[in-house]
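Working notes, beginning with the structure itself.
The values are calculated or read from the model by the stated rules, or taken from the named source; none is laboratory data. Owing to the predicted nature of the structure, the values given are computational and were not obtained by experimental measurement. Every residue, glycine as well, gets a Cβ built from its backbone with ideal geometry; the counts of neighbours run over all protein chains shown. When the accessible area is computed, the model is the full protein with side chains, heavy atoms only, and any ligands, DNA or RNA have been set aside. Shrake-Rupley method; radii C 1.70, N 1.55, O 1.52, S 1.80 Å.
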Amino acid sequence: MIFNQRVVKPSESFSKQANLQKDNHSKLMNEADKSYENHWAKLAREHLSWKKPFTIPMTWNPPFVEWFADGELNISEQCLDKHLNTATAQKIALIWEGEPCEGHLPSERKTYTYAQLHAEVCAFAEGLKKQGVGRGDRVALYMPMIPEAVIAMLACARIGAPHTVVFGGFSAESLRDRILDAQAKCVITANAGFRRGKILPLKTAVDKAVSECPCVISVVVADRLGETQSSNYKVGEIPFTATQMHAGRDVWFNDICVNGSKLTAESLPAEHPLFILYTSGTTGKPKGVVHGTAGYALWTNLTCQWVFDIKPTDVYWCTADIGWVTGHSYVVYGPLSNGATVYMYEGAPDFPDYGRFWRTIEREKISIFYTAPTAIRAFMRQGDSWPQKSNLSSLRLLGSVGEPINPEAWEWYHSVIGQGACPIVDTWWQTETGGVMMSPLPGITALKPGSATRPLPGIAVEVVDDNGQAVAPGNRGKLVITKPWPSQLRTVHGDPERYAKTYWSTFAGPAGAHKEPYYFTGDGAFKDADGDIWVIGRVDDVINVAGHRIGTMEVESALVDHHCVAESAVVGVPDSVKGTAIYAFVTLKNEVKQSANWNDAKKHDLARELITHVGGIIGSFAKPDHIRFSDSLPKTRSGKIMRRLLRDVATGHESLGDTSTLEDVSVLANLRQSTDDE
Ligand code: WT7
């Protein structure tokens, strides 16, 4: 299974000028090898500004870890205050562009220097405090990609209130579940956001969600529509229904800001929870991944220097939404802690056309561009003429994240976007890892299209069999991380058992090949003959759809929530743009099938209805791409749905493998005959 892959040598200019050079890299690798704790402690002393220095590098009580625990700091100081007495204070921290709201508004552009961003964060942080939000209180954010989102995150960090950002594409129900699980005291939102020329009514969803969340005492609303005097728009410029503000609960973002505030950042213990971010797992209930402060601050800072090679002159664009971990680590905390200029765009990549990204790169002179394979494939489909209309010569480094990048998309990204001159950093990591774990380093590592190559210094990964033994090159195994690391998740909010079980029980030690438990990533991988790692994809019931992580169980529960559905099984199938598409097998309740004039047209309508239903429960991005009705689902004798078989059926494979554990083999024939209804 070892590919005979093309290898792209590290570019000479990077080999001479990258932040991380070969000899330094080897030194770091050696230090980490020789004395793991001291290695990390040294980096933490060098790269973070401590309000109170730490003395204990690490405490490891498997599976719970603490890093630099007796130290104190505040990540908003790493991102803002640290720059104030330097030239960086007057440098642009954030360039924001709003999506043009078609027919109503031109696109909008705003910039903030580091000094201005600091002022805004202090003003809002003090405002939040006045709302009764303090250290340890959870705050939920449900926001479009607007500067207020970044300001709100940093303001929460400043007062020690862990934020939980919920992607604006989630439904009101998903938002409610996350607010309740986190027991958030405050929700920060906007009256609306713009996407593909449409107004997204975020506040309406918040109202719906919060009506069932007694824990919420205040809702803060940023004005994106020109309803208040402080907005950039004139009142009445965009047609909308005035936002309903609930007296005693809702306040406008700008109204609570304490202008001129110089609020000092809380001195927080290194392990103070910085945020909770919900992500899908193998059960229907998303997990609240908890990240701490210091370890996360350290690793997001260092990976920006090493992997993205961020330098003072760069203009950096990571296209992720702040609702996902990539937005947390590589739109906000990592780049700002490095004093970078961050470009942030509100809308969709293909609006108003497929030239939007490339025109932006030319106009803003973007030098570092970080996006997902699914976007690259979507652009590739539209042909070279779109990027060719723009001058992309400002680019010097490209990044990819979220799913394996297929060599074809890699080559296109490299030659058409990077014009053969930009290294591509294929960064493998997860919500749980906090920052990049594996990636080629631009001046050091030879690139292989489709491989995330090697772990970064200090990170220990292995590809193992089910007994935790390293597998020989070329053999598939499971990807594990063999040592705790500073930016790892600390627990699952409110459910430490689930944390222990999900991540640390599969390779628990000490009985097997290793003494310490290994962190199980949920991914399958193999090493090639050079020792480079190729991540194949999830080996659990999680699928990666257009870079969005979705649990098949979540979609299944949304489907059975519909009154016509008896049972459902969801699998991922390969898709040329999304990477993986959602394929749902559905068995209907007898009364539906037996109802008068149950026919193909009705089936079709029901399939559409089910798709919409899932969108309403989870969010549009989780809508199944295919619905297939079937009389029953193939199960083992113990009642487990045979997903492998369903995947084969869904992808049209003839060889269905070993079916001897099937409870009812006739089910299979049935499935093959049933037609794809959507
Ligand atoms: C899963 C994590 C990391 C931030 C965005 C996604 C897959 C991620 C790569 C890559 C192959 C990748 C894995 C991982 N994944 N990056 N470069 N190559 N696969 O975070 O939603 O937590 O998803 O995304 O399957 O487990 P996430």
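None of 541, 523, 495, 528 is within 16 Å of the ligand (Cβ to nearest atom), open to solvent by 30 Å² or more (accessible area, probe 1.4 Å) and in contact with a strand residue (DSSP E or B) (Cβ under 8 Å, 6 or more places away or on another chain) except 541. Looking at 85, 24, 30, just one residue is at pLDDT 95 or above and under 27 Å from residue 150 (Cβ atoms), and that residue is 85.
Restricting 474, 434, 418 to residues that are at positive phi and away from the ligand (no atom under 15 Å from the Cβ) narrows the list to 474. Of all positions in the range 482-501, at least one carries a residue that is aromatic (Phe, Trp, Tyr), outside any loop (DSSP other than H, G, I, E, B) and not assigned by TED's automatic domain parsing to the domain that holds residue 285.
On the basis of being within 23 Å of residue 649 (Cβ to Cβ) and surrounded by 16 or more Cβ atoms within 10 Å (Cβ to Cβ), does residue 582 make the cut? Working first, answer last.
Details: within 23 Å of residue 649 (Cβ to Cβ): yes; surrounded by 16 or more Cβ atoms within 10 Å (Cβ to Cβ): yes.
Against the criterion (within 23 Å of residue 649 (Cβ to Cβ) and surrounded by 16 or more Cβ atoms within 10 Å (Cβ to Cβ)), residue 582 qualifies.
Checked against (1) within 27 Å of residue 142 (Cβ to Cβ); (2) crowded, with 18+ Cβ neighbours inside 10 Å; (3) away from the ligand (no atom under 15 Å from the Cβ), residue 329 passes all but a single condition, namely (3). Touching a Lys or Arg at 6+ places or on another chain (Cβ under 9 Å), at positive phi and in contact (Cβ under 8 Å) with a residue 24 or more places away in the chain: does that describe residue 450? No; evaluated as a whole, the condition is false for this residue.
If you go through the range 384-398, how many residues are within 11 Å of residue 361 (Cβ to Cβ) and among the hydrophobic types (A, V, I, L, M, F, W, C)? Before the answer, list the steps.
To start, the set of residues in the range 384-398 that are within 11 Å of residue 361 (Cβ to Cβ) comprises 387, 390-395, 398.
So of that shortlist, the ones also among the hydrophobic types (A, V, I, L, M, F, W, C) come out as 392, 395, 398.
Adding up the residues that qualify gives 3.
Whether any residue in the range 549-560 is open to solvent by less than 40 Å² (accessible area, probe 1.4 Å), part of a loop (DSSP other than H, G, I, E, B) and either more than 15 Å from the ligand (Cβ to nearest atom) or in contact with a Leu (Cβ under 9 Å, 6 or more places away or on another chain) (or both) is what I want to check. Checked against the condition, which is being open to solvent by less than 40 Å² (accessible area, probe 1.4 Å), part of a loop (DSSP other than H, G, I, E, B) and either more than 15 Å from the ligand (Cβ to nearest atom) or in contact with a Leu (Cβ under 9 Å, 6 or more places away or on another chain) (or both), the range 549-560 yields no hits at all. Of all residues in the range 245-282, those being within 16 Å of the ligand (Cβ to nearest atom) and open to solvent by 40 Å² or more (accessible area, probe 1.4 Å) number 1.
Sub-6 Å Cβ pairs linking a first residue in the range 513-526 that is at pLDDT 90 or above and β-branched (Val, Ile, Thr) to a second residue that is open to solvent by less than 20 Å² (accessible area, probe 1.4 Å) and within 10 Å of the ligand (Cβ to nearest atom), at least 6 apart or interchain, are 521/479, ordered by first then second residue.
Determine if the range 80-92 includes at least one residue that is open to solvent by 30 Å² or more (accessible area, probe 1.4 Å) and either among the small types (Gly, Ala, Ser) or closer than 20 Å to residue 249 by Cα (or both). Among the residues of the range 80-92, at least one is open to solvent by 30 Å² or more (accessible area, probe 1.4 Å) and either among the small types (Gly, Ala, Ser) or closer than 20 Å to residue 249 by Cα (or both), which makes the answer yes. Among the conditions (1) buried (at least 22 other Cβ atoms within 10 Å of the Cβ); (2) β-branched (Val, Ile, Thr); (3) not assigned by TED's automatic domain parsing to the domain that holds residue 572, the only one that residue 536 does not satisfy is (1).
Residues that are farther than 21 Å from residue 141 by Cβ and in a loop (DSSP other than H, G, I, E, B) within the range 300-326 comprise 307, 308, 309, 310, 311, 312, 313, 314, listed in sequence order. Of the residues making up the range 448-462, those that are assigned to a loop (DSSP other than H, G, I, E, B) and among the charged types (D, E, K, R) are 448, 454. Just one of the listed residues (412, 386, 358, 324) is of a type in the set (Phe, Trp, Tyr) and within 16 Å of the ligand (Cβ to nearest atom), namely 324. Within the range 341-370, work out how many residues are among the acidic types (Asp, Glu) and within 23 Å of the chain's Cα centre (by Cα). Looking only at that region, the number is 2. One residue stands out in the range 94-104 among those that are in a loop (DSSP other than H, G, I, E, B) and either under 19 Å from residue 366 (Cβ atoms) or open to solvent by 20 Å² or more (accessible area, probe 1.4 Å) (or both): the one that is modelled with the highest pLDDT, namely 99.
Of all residues in the range 585-623, those that are in contact (Cβ under 8 Å) with a residue 24 or more places away in the chain, in a loop (DSSP other than H, G, I, E, B) and either surrounded by fewer than 23 Cβ atoms within 10 Å (Cβ to Cβ) or aromatic (Phe, Trp, Tyr) (or both) total 2.
Please enumerate the residues belonging to the range 629-638 that are touching a residue at least 12 places away in the same chain (Cβ under 8 Å) and surrounded by fewer than 20 Cβ atoms within 10 Å (Cβ to Cβ). Within the range 629-638, 631, 632, 635, 636, 637 qualify. Being more than 10 Å from the ligand (Cβ to nearest atom), of a type outside the set (D, E, K, R) and within 17 Å of residue 536 (Cβ to Cβ) is the filter here, so list the residues in the range 394-409 that pass it. 406, 407, 409 - these are the residues of the range 394-409 that are more than 10 Å from the ligand (Cβ to nearest atom), of a type outside the set (D, E, K, R) and within 17 Å of residue 536 (Cβ to Cβ).
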